Amino acid sequence: MASLFTKIIQREIPADIVYEDDHVVAFRDIAPVAPVHILIVPREEVTGVAALPDSGDHQHLLNAARKIAEAEGLGDGYRLVINQGEAAGQTVPHLHMHLLGGRDLAWPPG
Ligand code: 5GP
């Protein structure tokens, strides 16, 4: 069965898509925790970092993040987060990178 994010990628579920290329699709998080909170998702459906093949669409996540951060005007700084597994807070089993910005971000994270 297609993941929630694959359904968004295939336009079966609406989302505010801000970027896409041959490898990734990015859209605004439905429950943002920062003024800019975008999810960058490889088109290829992989459950998470622990299940990654050596190569694939996930290799394009960082380049997409850089382009989106530039487009969102996040020159002051931003954070990229991937939650792997339940203990780290992963709730959607389709690999995704959070792009967070637009406010000061505390360190260490919770
Ligand atoms: P995780 O907790 O797995 O790292 O991140 C999943 C993220 O997906 C959460 O921040 C959550 O708010 C977001 N999310 C869950 N369902 C939807 C949805 O239907 N649409 C959008 N745009 N974001 C979603």
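The values are calculated or read from the model by the stated rules, or taken from the named source; none is laboratory data. Not measured: the values here are computed from a predicted model. Note that each Cβ is placed from the backbone with ideal geometry, even for glycine, and that neighbours are counted across all protein chains shown. For accessibility, only protein heavy atoms count, side chains too; no ligands or nucleic acids. Shrake-Rupley method; radii C 1.70, N 1.55, O 1.52, S 1.80 Å.
Scanning region 6-27 for residues that are away from the ligand (no atom under 12 Å from the Cβ) and part of a loop (DSSP other than H, G, I, E, B) returns 10, 11, 21, 22, 23.
Against the definition (in contact with a Phe, Trp or Tyr (Cβ under 7 Å, 6 or more places away or on another chain), under 12 Å from residue 26 (Cα atoms) and modelled with pLDDT of 95 or more), how does residue 96 come out, yes or no? Yes. Considering region 47-87, the residues that are over 15 Å from the mean Cα position of the chain (by Cα) and not in a loop (DSSP other than H, G, I, E, B) include one that is surrounded by the fewest Cβ atoms within 10 Å (Cβ to Cβ), namely 87.
Checking the condition among the small types (Gly, Ala, Ser) and more than 21 Å from residue 2 (Cα to Cα), which residue from 85, 56, 73 passes? Working first, answer last.
On the way: 85 fails: more than 21 Å from residue 2 (Cα to Cα); 56 fails: more than 21 Å from residue 2 (Cα to Cα).
73 is the lone residue from the list that is among the small types (Gly, Ala, Ser) and more than 21 Å from residue 2 (Cα to Cα).
Scanning region 22-46 for residues that are open to solvent by less than 40 Å² (accessible area, probe 1.4 Å) and farther than 12 Å from residue 5 by Cβ yields 34, 36, 37, 38. Screening residue 30 on (1) free of Cβ contacts under 8 Å to residues at least 12 places away in the same chain; (2) within 14 Å of the ligand (Cβ to nearest atom) shows it passes everything except condition (1).
Is region 51-61 home to any residue that is within 16 Å of the ligand (Cβ to nearest atom), in contact with a strand residue (DSSP E or B) (Cβ under 7 Å, 6 or more places away or on another chain) and either under 28 Å from residue 108 (Cα atoms) or at pLDDT 95 or above (or both)?
Going residue by residue through region 51-61, those that are within 16 Å of the ligand (Cβ to nearest atom) are 51-52, 58, 61.
When the remaining residues are screened for being in contact with a strand residue (DSSP E or B) (Cβ under 7 Å, 6 or more places away or on another chain), the result is 58, 61.
Narrowing the set further to residues that are either under 28 Å from residue 108 (Cα atoms) or at pLDDT 95 or above (or both) leaves 58, 61.
Looking through region 51-61, at least one residue is within 16 Å of the ligand (Cβ to nearest atom), in contact with a strand residue (DSSP E or B) (Cβ under 7 Å, 6 or more places away or on another chain) and either under 28 Å from residue 108 (Cα atoms) or at pLDDT 95 or above (or both).
Against the list (1) over 12 Å from the mean Cα position of the chain (by Cα); (2) open to solvent by 20 Å² or more (accessible area, probe 1.4 Å); (3) within 11 Å of the ligand (Cβ to nearest atom), the condition residue 2 fails is (3).
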